[in-house]
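Reviewing the structure listed below.
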Amino acid sequence: MSKVAIVILNWNGEKLLEEFLPQVIENTNYPDSSIWVADNRSSDNSVAFVKKNFPDVRILELDENYGYAGGYNRAIAEIECEYAVLLNSDAAPAENWISPVIELMDSDKDIVACAPKLKDYKNKSYFEYAGAAGGFIDKYGYVFCRGRIFSHVEKDEGQYDAVSEVFWGTGAALFVRRNTYLDAGGLDEEFFAHMEEIDLCWRLKNQSKKIMYQPNSVVYHLGGATLNKTNPQKTYLNFRNNLLMMYKNLSEENLSSVLRKRILLDYLAALVMLLKFKFGDFKAVFRAHCDYQKMIKKSFNAKRIVEQGKVIKLSHKEIIMKGIVLLHFWGRVKRFSDI
């Protein structure tokens with residue numbers, strides 16, 4: 001059993017593995033670590049490619065494509081370790097990326113997840129959209145990062161170089177305590193992809209655990225390798241899963257009022273998409289809301305009851321009690337430090 005297992009979930013990603021896996025191997029020199037490729041039943045040559053070219057990389061072949069959430073749940077359940085690292089197949093860590101995180105997590109047993117600094121693989125002086133310098137949410141459940149608000153991404157000038165507690169860490173590169181991950185039920189597989197790591201972090205914070213950001217660990221991320229951010233399916237998953245996440249994790253006191261306002265804001269966003277002739281995204285928002293209603297009746301009401309029964313703490317300073325939509329689009333706030 002390794003203390004740290006780096007787990008790369010793969011589905012038909014031979015080209016990504018060819019480019020990024022050598023960089024993972026080169027910069028993973030932590031003495032008690034292993035590198036795994038968990039394959040979501042790829043139909044390309046991914047598995048044979050890894051076996052031939054990287055014999056020291058361990059392979060876990062899943063019997064079907066379980067998506068991001070299901071694939072990682074099965075892989076982490078199977079791979080014995082103290083810490084698991086969920087690492088995207090289009091991510092390249094910098095040197096000495098493991099030690100700073102493990103030292104931080106070893107120092108406090110309440111730290112159950114930690115995100116490195118995530119930077120743009122193509123433009124390395126900038127943060128990367130998916131996680132930047134740690135994630136937050138606003139009072140309506142909209143997610144953003146230090147270093148990225150909606151589509152505006154900041155240049156890394158050392159402005160977020162302090163170790164700090166955050167609300168969520170990106171699934172592009174996320175360190176987790178394996179036992180805590182499994183005890184929490186892992187990622188919600190009904191999400192399939194997008195925002196499931198934020199939901200997990202929220203559930204853990206409601207149990208009074210800590211999610212941290214460690215800037216001394218750096219990972220470069222390509223982004224958009226599975227679904228481009230302009231793809232309507234990504235719009236659908238983000239809107240639907242964000243609603244489901246709030247439904248599971250908000251207190252009874254706040255749930256109804258927050259969701260009513262959030263629905264209005266989402267419909268306003270859909271109108272803007274229509275005016276910009278983004279017809280696929282416009283339809284995706286309404287499909288997301290329709291499927292959200294179906295899913296809470298089918299299974300998420302029971303999930304909410306379970307999660308609310310585990311709650312120790314519902315108030316988190318990392319939930320910014322402002323509306324980021326108005327601040328950004330009307331107030332012209334582009335930097336986290338200006339909130």
Count of the stretch 272-324 residues which are in contact with a Pro (Cβ under 6 Å, 6 or more places away or on another chain) and closer than 20 Å to residue 141 by Cβ: 2
Test set (1) under 25 Å from residue 194 (Cα atoms); (2) modelled with pLDDT under 95 - residue 31 fails condition number: (1)
Long-range neighbours under 9 Å by Cβ, at least six apart or interchain, first residue in contact (Cβ under 8 Å) with a residue 12 or more places away in the chain and on the phi > 0 side of the Ramachandran plot within the stretch 201-223, second crowded, with 19+ Cβ neighbours inside 10 Å and assigned to a loop (DSSP other than H, G, I, E, B): 223/88; 223/90; 223/128; 223/129; 223/130; 223/172
Residue match in the stretch 323-334 (condition: among the basic types (Lys, Arg) and out of contact with any strand residue (DSSP E or B) (no Cβ under 8 Å at 6 or more places or on another chain)): yes
Residue identified as touching a Lys or Arg at 6+ places or on another chain (Cβ under 9 Å), in the same structural domain as residue 161 (by TED's automatic domain parsing) and not charged (D, E, K, R) among 38, 91: 38
Qualifying residue in the stretch 288-311 (condition: surrounded by fewer than 15 Cβ atoms within 10 Å (Cβ to Cβ) and within 21 Å of residue 160 (Cα to Cα)): no
Members of the stretch 16-66 that are in a helix (DSSP H, G or I) and more than 19 Å from residue 221 (Cβ to Cβ): 46, 47, 48, 49, 50, 51, 52, 53
Residue ID - nearest to residue 177 (Cα to Cα), chosen from residues in the stretch 203-245 that are among the β-branched types (Val, Ile, Thr) and surrounded by 24 or more Cβ atoms within 10 Å (Cβ to Cβ): 211
Scope the stretch 89-106; condition part of a helix (DSSP H, G or I), more than 18 Å from the chain's Cα centre (by Cα) and under 21 Å from residue 146 (Cβ atoms); matching residues: 100, 104, 105
Given (1) of a type in the set (D, E, K, R); (2) within 17 Å of the chain's Cα centre (by Cα); (3) surrounded by fewer than 20 Cβ atoms within 10 Å (Cβ to Cβ), number of the condition residue 253 does not satisfy: (2)
Selection within the stretch 155-170 - among the small types (Gly, Ala, Ser) and buried (at least 21 other Cβ atoms within 10 Å of the Cβ): 169
Residue match in the stretch 70-88 (condition: assigned to a loop (DSSP other than H, G, I, E, B) and among the hydroxyl-bearing types (Ser, Thr, Tyr)): no
Candidates 300, 286, filtered to the one that is at pLDDT 95 or above and within 23 Å of residue 204 (Cβ to Cβ): 300
Residue tally, condition over 19 Å from residue 67 (Cβ atoms) and surrounded by fewer than 19 Cβ atoms within 10 Å (Cβ to Cβ), over the stretch 179-202: 3
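The values are calculated or read from the model by the stated rules, or taken from the named source; none is laboratory data. Nothing here was measured: the structure is a model prediction, and the numbers come from that model. Heads up, the Cβs are rebuilt from the backbone with ideal geometry, glycines too, and the neighbour counts pull from every protein chain shown.
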